[in-house]
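Take a look at the structure below.
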Amino acid sequence: MARNLMVQLPIGLTRAFSASHRVWYRLSKGRLGGSFRGAPAVLLTTTGRLTHKERTWPLIALRLGDDYALAASNGGHDKNPAWFNNLVANPTVTIQDGGRTITGYARVTNGVERADLYAKFVELYSGYNDYTQATKREIPVVIVSPA
């Protein structure tokens, strides 16, 4: 399968961008960094499965009533993102949505539910279609519900 080089950023560059994004998001309570290319963004905090330290990543999110859906695209790379592996090991997470922070419980979707939600991510941000083309893995979709 051909890779779209415009989609896959080097991991180091992605981490640097994410670190900057986190700072601006937190300082402004989401007024800066609260969206990415027109799609709503949140900060997801998980507990490291190996380090047991908190890890926070800015992610595009779909709001589903009180719940949030997150796609573990990892920019189309062949491995799942670390945040996904962390929440599988410990599904208790926090989400900062603007100035609001919730503690939630994450679950991985599958089947029709996963396919329907992923289609909504593609509608929201077309880059998700590129991510699907760039990897052989099925990109997981997670739902976080308030605890």
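The values are calculated or read from the model by the stated rules, or taken from the named source; none is laboratory data. The structure presented is a predicted model; accordingly, all values stated were derived computationally and were not measured. All Cβ positions, glycine included, derive from the backbone under ideal geometry; neighbour counts span all protein chains shown. Calculation scope for accessible area: heavy atoms of the full protein, side chains included, ligands and nucleic acids excluded. Shrake-Rupley method; radii C 1.70, N 1.55, O 1.52, S 1.80 Å.
Checking ILE139 against (1) aliphatic (A, V, I, L, M); (2) under 14 Å from the mean Cα position of the chain (by Cα); (3) in a strand (DSSP E or B): exactly one of these is not met. Which one?
(3)
Quick check on this structure: which one of VAL93, VAL108 is among the aliphatic types (A, V, I, L, M), modelled with pLDDT of 95 or more and more than 21 Å from THR135 (Cβ to Cβ)? Working first, answer last.
Working: VAL108 fails: more than 21 Å from THR135 (Cβ to Cβ).
That would be VAL93, the only listed residue that is among the aliphatic types (A, V, I, L, M), modelled with pLDDT of 95 or more and more than 21 Å from THR135 (Cβ to Cβ).
Does GLY98 qualify as being open to solvent by less than 70 Å² (accessible area, probe 1.4 Å), out of contact with any Cys (no Cβ under 8 Å at 6 or more places or on another chain), modelled with pLDDT under 95 and closer than 21 Å to TRP24 by Cβ? Give the steps one after another, and end with the answer.
On the way: open to solvent by less than 70 Å² (accessible area, probe 1.4 Å): yes; out of contact with any Cys (no Cβ under 8 Å at 6 or more places or on another chain): yes; modelled with pLDDT under 95: yes; closer than 21 Å to TRP24 by Cβ: yes.
So GLY98 passes the test.
Is it the case that GLY48 is under 20 Å from GLY104 (Cα atoms), within 16 Å of the chain's Cα centre (by Cα) and either at pLDDT 75 or above or exposed (fewer than 15 other Cβ atoms within 10 Å of the Cβ) (or both)?
Against the criterion (under 20 Å from GLY104 (Cα atoms), within 16 Å of the chain's Cα centre (by Cα) and either at pLDDT 75 or above or exposed (fewer than 15 other Cβ atoms within 10 Å of the Cβ) (or both)), GLY48 qualifies.
If you scan the stretch 113-145, which residues turn out to be closer than 24 Å to PRO91 by Cβ, among the hydroxyl-bearing types (Ser, Thr, Tyr) and open to solvent by 60 Å² or more (accessible area, probe 1.4 Å)?
Selection gives nothing.
Would you check if ARG37 is surrounded by fewer than 17 Cβ atoms within 10 Å (Cβ to Cβ), modelled with pLDDT of 95 or more and within 24 Å of THR132 (Cα to Cα)?
When the stated conditions are applied, ARG37 does not pass them.
Would you pick out the residues in the stretch 23-34 that are exposed (fewer than 13 other Cβ atoms within 10 Å of the Cβ) and assigned to a loop (DSSP other than H, G, I, E, B)? Give the steps one after another, and end with the answer.
Of the residues in the stretch 23-34, the ones exposed (fewer than 13 other Cβ atoms within 10 Å of the Cβ) are 23, 27, 31.
ARG31, the sole residue that qualifies.
Taking the stretch 85-95, which residues are open to solvent by 50 Å² or more (accessible area, probe 1.4 Å) and in a loop (DSSP other than H, G, I, E, B)?
ASN90
Within the stretch 72-84, can you find the residues that are outside any helix (DSSP H, G or I) and either charged (D, E, K, R) or within 12 Å of the chain's Cα centre (by Cα) (or both)? Walk me through it before giving the result.
Narrowing the stretch 72-84 to residues outside any helix (DSSP H, G or I): 72-73, 77-81.
ALA72, SER73, ASP78, LYS79, ASN80, PRO81 - these are the residues of the stretch 72-84 that are outside any helix (DSSP H, G or I) and either charged (D, E, K, R) or within 12 Å of the chain's Cα centre (by Cα) (or both).
Could you list, in sequence order, all residues of the stretch 103-135 that are aliphatic (A, V, I, L, M), part of a helix (DSSP H, G or I) and either under 14 Å from the mean Cα position of the chain (by Cα) or closer than 13 Å to ALA72 by Cβ (or both)? So that I can check it myself, show each step before the final result.
We begin by selecting, within the stretch 103-135, every residue aliphatic (A, V, I, L, M); these are 106, 108, 112, 115, 117, 119, 122, 124, 134.
Then drop every residue that is not part of a helix (DSSP H, G or I), which leaves 112, 115, 117, 119, 122, 124, 134.
Those that are aliphatic (A, V, I, L, M), part of a helix (DSSP H, G or I) and either under 14 Å from the mean Cα position of the chain (by Cα) or closer than 13 Å to ALA72 by Cβ (or both): LEU117, VAL122, LEU124.
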